[in-house]
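As structure tokens, the structure follows; a few thoughts come after it.
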Amino acid sequence: MKLIRSVKEMQGASATAKRGGRRIALVPTMGALHDGHVALMRKAREQGAAVAVSIYVNPTQFGPHEDFKQYPRDLDADCTVCVRESVDVVFAPYDAEMYDGGAHSHQASTWVEETALAKRLEGERRPGHFRGVCTVVAKLFNAAQPDVAVFGQKDYQQLKIVQRMVRDLCYPIEIVSVPTVREPDGLALSSRNQYLSAEERAQATVLWKALNIAADLFNEGEHNAHRLETAMVRAVQLAPAARLDYAEIADAETLEPVHEAQRGNIALLAVHIGKTRLIDNLVL
Ligand code: AMP
């Protein structure tokens, strides 16, 4: 496995692989790799391509009071996972490679911004988040020149926005998605789960429970979205460490809220467990 730390070298490695007739599959991550990321790597491998995993904690997608500084970073451990998964290249660029002037610079004056899907839900609560995501994904695409890029359904709104960005900007890249990998008790794997105390970890199952309550009610014939949302709110309130950010039933393509829920709509949740903000979703 090759560890690459500069954009130029990454572009060179991609060009060489392509001249050799290989397709390239990119798995963008922020590191602190877990089995959710591993599922993405395996999906990338299934594409019959050389697999590149990018590891970069992107400063521009964090708000000023968010966890950029604390975000877990362990490149050695991440590389061990990638070697085990037969990844071809780990692309872990230095900040100065990605943003002229480094992580804390606001000197970049070119941004990529999706303006419809990014308005609501996460976009509303985390202003600038998706602008940072789209910008860094565009940079990673330009560095790795992938034929395929793999994203997780765990970050559902992000997946939809990236699909839209690829269409709008004519990137010749196929976006492949992978279902959310969960702990046995339903908690979606996330690098941020490391922040949870034992007590908070036990209560964090409330997201999955609330989503399933909504799905069960829907399957029993309750199609009023407001009542489904209220059921999720009540379920979250049962966990003392939990503070709800949003609970919504939305159209799975437009992410607009619905009044009458239909099969294929998506239930989305964001919940603070203590100081840790977690998100999850479930298709009805
Ligand atoms: P992150 O490192 O958290 O930015 O995530 C990198 C990629 O992994 C994104 O496409 C996420 O949606 C995906 N991902 C994160 N957690 C999971 C999970 N539990 N199951 C599947 N994919 C995931």
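Annotations
- Residue within the range 189-206 that is more than 25 Å from residue 71 (Cβ to Cβ), over 23 Å from the mean Cα position of the chain (by Cα) and at pLDDT 95 or above present: no
- Test: residue in the range 96-107 that is in contact (Cβ under 8 Å) with a residue 60 or more places away in the chain, closer than 24 Å to residue 123 by Cα, away from the ligand (no atom under 12 Å from the Cβ) and outside any loop (DSSP other than H, G, I, E, B): yes
- When each of 41, 98 is tested for being within 17 Å of residue 129 (Cβ to Cβ) and surrounded by 19 or more Cβ atoms within 10 Å (Cβ to Cβ), the lone residue that passes is 98.
- Counting only strands (runs of 3 or more DSSP E) that fall entirely inside the range 185-284 and contain at least 3 residues that are away from the ligand (no atom under 16 Å from the Cβ) and buried (at least 18 other Cβ atoms within 10 Å of the Cβ), the qualifying elements are 242-250.
- Scope the range 86-145; condition modelled with pLDDT of 95 or more, of a type in the set (Gly, Ala, Ser) and farther than 27 Å from residue 278 by Cα; matching residues: 86, 143, 144
- Among the residues of the range 149-172, the ones that are surrounded by 22 or more Cβ atoms within 10 Å (Cβ to Cβ) and more than 12 Å from the ligand (Cβ to nearest atom) come to 1 in all.
- Unique match (being on the phi < 0 side of the Ramachandran plot and in contact with a Pro (Cβ under 8 Å, 6 or more places away or on another chain)) among 30, 10: 10
- Inter-residue pairs, beta-carbon under 6 Å, first touching a residue at least 12 places away in the same chain (Cβ under 8 Å) and in the range 182-202, second assigned to a helix (DSSP H, G or I) and within 13 Å of the ligand (Cβ to nearest atom), 6+ apart: 186/208; 188/154; 189/35; 189/36
- Identity of the residue in the range 26-80, touching a residue at least 12 places away in the same chain (Cβ under 8 Å) and among the basic types (Lys, Arg), that ends up nearest to the ligand (Cβ to nearest atom): 43
The values are calculated or read from the model by the stated rules, or taken from the named source; none is laboratory data. What you see is a predicted model, and the numbers here were worked out from it, not measured in a lab. Every residue, glycine among them, receives a Cβ derived from its backbone with ideal geometry; neighbour counts consider all protein chains shown.
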